[in-house]
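As structure tokens, the structure follows; a few thoughts come after it.
The values are calculated or read from the model by the stated rules, or taken from the named source; none is laboratory data. Bear in mind that the values here come from a model prediction, so they are computed numbers and not experimental data. Please note: Cβ atoms are built from the backbone with ideal geometry, for glycine as well, and neighbour counts cover all protein chains shown.
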Amino acid sequence: MFDIDFSDFQIVVLVLSALMLFLYGLEHFSKELQTVGQDKLPRWLGMATRDRFRGLLLGASVTAIVQSSSAVSALVVALVNSGTLTFASSLAVLLGAKVGTTSTAWLISFKLSHIGPYLIVLGALITMLPFSIRVIGRAIFYFGFIFFALDLIGNALQPLRQSPAVLEWLAYAQEPWMGVLMGIVVTMVLQSSSVVGGLAIVLVQQGVLDPVGAVAIVVGAALGTTTTALIASIPMDAFARRTAQMNLLFASTGVVLVFPFISSFGAWAVGLSEGNPSQAVAIASLAFNAGLALLFLPLTGWLGRRFAPKAMATPSAQNAPI
């Protein structure tokens, strides 16, 4: 169907290798921060049992710091399984995680990739210090690595603007159903909506992808990322599995509601971005996930009672008020 010559193939391989570096940096940055707060993160998230608004803010804050809604969602499922977090309270945290994950898109939309080498050097120097601050140095190193990889992706994508085959393939994303499907599938493979959203924004910055198509991809990525929690919940108890299922329900409801209006939604975001198409994608991502939070947060108490599994878990935790 497409006539792709060898030079195009080499460019695609270069882009994929840079993307893998980006994924590697994001994964290890998340792990380093989780190592720093390995005792505090569960305790902070456990505090979400006090009220739904605190749960929403905690979920958003932790995800914005860790830069991975997939990791936070899997952690929430594990906390529900252990009885540290109630089923009803976990719903507010999951909604917050969806809002927090948009921070990655905003960072990338501001074109901060040039700071990557400086952060890598700074992080490497800090890791040489004979103090516990070395752990922070590793986090800074991988944070710089993320932006360095993004810069590589941006440079590798430039020749694709002259590739009819690639442009023809990406043009399909402008069809709402195709863009959403791309976002779902690629996110399920990479297990990171942050990576998919970041790549979509870089493609927009390079003029390879239309911003409306990128918005459709980001919406699909919000649904695709729920598979991480679903997979993590398989060996856990009924409450943990139901928590992961509710995470899927939130995202799929959002996709169903916005799908008929994706083109208009994308055009609205472009208009709001004032001539910066890459920020339009970040605006759409934040609006979509914040909309889910506004829609479902008032219902978390009712959803917690209505959809709680019949099987008994830890009574003291699961019966605690939200």
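A single member of SER264, SER285 is in a helix (DSSP H, G or I), farther than 25 Å from THR63 by Cα and either in contact (Cβ under 8 Å) with a residue 40 or more places away in the chain or not hydrophobic (A, V, I, L, M, F, W, C) (or both), and it is SER264.
Taking region 10-116 as the region of interest, the helices (runs of 4 or more DSSP H) fully inside it that hold 2 or more residues being at pLDDT 75 or above and within 18 Å of the chain's Cα centre (by Cα) are 52-66, 69-82, 87-100, 102-109.
From the list ALA284, ALA240, ALA267, the one residue that fits, being hydrophobic (A, V, I, L, M, F, W, C) and surrounded by fewer than 24 Cβ atoms within 10 Å (Cβ to Cβ), is ALA267.
Give me the helices (runs of 4 or more DSSP H) completely within region 152-248, filtered to those with at least 1 residues that are at pLDDT 80 or above, ordered by residue number.
Numbers: elements: 164-171, 176-190, 193-205, 211-224, 227-233.
Of the helices (runs of 4 or more DSSP H) lying wholly inside region 152-248, those with at least 1 residues that are at pLDDT 80 or above span 176-190, 193-205, 211-224, 227-233.
Pairing residues of region 292-311 that are within 15 Å of VAL99 (Cβ to Cβ) with residues that are in a helix (DSSP H, G or I) and among the β-branched types (Val, Ile, Thr), at Cβ distances under 6 Å and at least 6 apart in sequence or on separate chains, gives ALA293/VAL99. Tell me, which residue of region 212-237 that is surrounded by fewer than 24 Cβ atoms within 10 Å (Cβ to Cβ) and of a type outside the set (Val, Ile, Thr) is nearest to SER194 (Cα to Cα)? Taking the candidates together, the pick is LEU223.
Being more than 17 Å from ILE234 (Cα to Cα), among the hydrophobic types (A, V, I, L, M, F, W, C) and buried (at least 24 other Cβ atoms within 10 Å of the Cβ): is that true of LEU95 here? Here the answer is yes, as LEU95 does meet what is asked.
If I ask for residues that are closer than 14 Å to TYR24 by Cα and of a type outside the set (A, V, I, L, M), which ones from region 122-152 would you list? The answer is ARG138, PHE141, TYR142, PHE143, GLY144, PHE145, PHE147, PHE148.
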